[in-house]
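A.B. asks: Once you've had a glance at the structure underneath, I'll fire off some questions.
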Amino acid sequence: MPKLRNSRRCVVLVIGVVAAGVIAGAVVAARLDDGIPADLEAALRDDPLVQVAGIPAENGLAGRGVFVQRTSAGFICLWDAPSATSSVRQGGCNRTDDPFGGRELFVSMAYDGGPAIAGIKDARLVGVAAREVVEVQVLMSDGTRREIRLRKANVAGDEYRAFGYRFKKADLRKDVTPKAVIALDSTGEEIDRQATGFAG
Amino acid sequence: MKRLTLALLLSLVFCTSAWGAATTYAGYQYWPAGQGASTSFSPSWFRNTFYKTSNFDTTVTFIDNVSYSWHSTVRSSASYVQTHWLSSQTKKAHCRANTTGPSWAACTAY
């Protein structure tokens, strides 16, 4: 009989320790998940993407899509991705009540290699612009500008001007680099400027 | 005693799996411009995110442990920024504030 009692105690002890482990694991996971709200995480995974522009394939680099994702978690996201179903997305989100994050352009820049300019192999710029924006340009460090073509896009009833742009290899040199992305209104006045970080 | 050891090992597995799911490797109320943070090096990192409660200019990237080059870098002022790098190479997730961040923001890697 004492042997049977000891076995039961042991089983209870094992169950207790395993349960403690599960709870501890859940607590650790919950704490570490503090970085991203759970509803945003679920929405990023489940809500559909709408293509608003594209970046064509060139010089051995694959084509990319520019996508907008209106999420049920109250965020609007802008993605640079191989396809609408790809989970390997690069970009970000702003709150739906402030889709441009207090600016006129919602921009995301992605690149491979670097951080020194000579090591960068593929640099892309994707974005959506506010209604006031009629032109988007890349300002180079030598003062010259590269014009970016805007494309009208409708996402869930809201109209956007979207763009996707791949920096030319010749524009990623030590002596001349992309300095900023600028937005111009209908009078030609600059109404937003966002640094690329490549120059100064 | 053997059972107790097994139970402790199982607990460790649960904790480790929870840890491996997501690691918030930096979280501050205030991010001075230039402030950066990184995970340890591991081949298992594949996603790197920066969640902010206000908009400021940030970068997320992966840095390999051979050439220390950056991979799948994303720079944006969006309130949430994300990148992926599906590579078996040993790497660390790295995030950085390019301008001052005035409120809570955190970097999480998976």
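A.B. asks: Using the structure shown, decide if residue A:129 is out of contact with any helix residue (DSSP H, G or I) (no Cβ under 6 Å at 6 or more places or on another chain), buried (at least 19 other Cβ atoms within 10 Å of the Cβ), within 23 Å of residue A:102 (Cβ to Cβ) and among the aliphatic types (A, V, I, L, M).
C.D. replies: On the way: out of contact with any helix residue (DSSP H, G or I) (no Cβ under 6 Å at 6 or more places or on another chain): yes; buried (at least 19 other Cβ atoms within 10 Å of the Cβ): yes; within 23 Å of residue A:102 (Cβ to Cβ): yes; among the aliphatic types (A, V, I, L, M): yes.
In short, yes.
A.B. asks: Right, another one. Does residue A:127 satisfy being within 22 Å of residue A:185 (Cα to Cα) and more than 9 Å from chain B (Cβ to nearest Cβ)? Break it down into steps so the answer makes sense when it comes.
C.D. replies: Working: within 22 Å of residue A:185 (Cα to Cα): yes; more than 9 Å from chain B (Cβ to nearest Cβ): yes.
In short, yes.
A.B. asks: Is it the case, given these coordinates, that residue B:103 is among the polar types (S, T, N, Q), surrounded by 21 or more Cβ atoms within 10 Å (Cβ to Cβ) and more than 14 Å from the chain's Cα centre (by Cα)?
C.D. replies: Details: among the polar types (S, T, N, Q): yes; surrounded by 21 or more Cβ atoms within 10 Å (Cβ to Cβ): no; more than 14 Å from the chain's Cα centre (by Cα): yes.
No: the conditions fail for residue B:103.
A.B. asks: Going residue by residue through region B:87-99, is there one that turns out to be within 16 Å of residue A:111 (Cα to Cα), in contact with a helix residue (DSSP H, G or I) (Cβ under 8 Å, 6 or more places away or on another chain), buried (at least 18 other Cβ atoms within 10 Å of the Cβ) and modelled with pLDDT of 95 or more?
C.D. replies: no
A.B. asks: Let me ask something else. Are any residues in region B:64-102 touching a Pro at 6+ places or on another chain (Cβ under 9 Å) and of a type outside the set (Gly, Ala, Ser), and if so, which ones?
C.D. replies: Pass one, region B:64-102, residues touching a Pro at 6+ places or on another chain (Cβ under 9 Å): B:69-70, B:73, B:87-91, B:97, B:100-101.
Listed by number, the residues that qualify are B:70, B:73, B:89, B:90, B:91, B:100.
A.B. asks: Something else now. Could you tell me how many of the residues in region A:71-127 are outside any strand (DSSP E or B) and acidic (Asp, Glu)?
C.D. replies: Looking only at region A:71-127, we keep the residues that are outside any strand (DSSP E or B), and these are A:71-74, A:82-89, A:96-104, A:113-121.
When the remaining residues are screened for being acidic (Asp, Glu), the result is A:97-98, A:104.
Total satisfying the criteria: 3.
A.B. asks: Report every pair of residues separated by at least 6 positions or lying on different chains whose Cβ atoms are under 6 Å apart, first residue within region A:118-142 and hydroxyl-bearing (Ser, Thr, Tyr), second part of a strand (DSSP E or B) and buried (at least 17 other Cβ atoms within 10 Å of the Cβ).
C.D. replies: Correct list of pairs: A:141/A:179.
A.B. asks: Going by what's in this entry, would residue A:157 be described as away from chain B (no Cβ under 13 Å), free of Cβ contacts under 8 Å to residues at least 24 places away in the same chain and out of contact with any Asp or Glu (no Cβ under 6 Å at 6 or more places or on another chain)? First the steps, then the outcome.
C.D. replies: Details: away from chain B (no Cβ under 13 Å): yes; free of Cβ contacts under 8 Å to residues at least 24 places away in the same chain: yes; out of contact with any Asp or Glu (no Cβ under 6 Å at 6 or more places or on another chain): yes.
Answer is yes for this residue.
The values are calculated or read from the model by the stated rules, or taken from the named source; none is laboratory data. Remember, it's a predicted structure, so these values are computed and weren't measured experimentally. Note: ideal-geometry Cβ built from the backbone for every residue, glycine included; neighbour counts use all protein chains shown.
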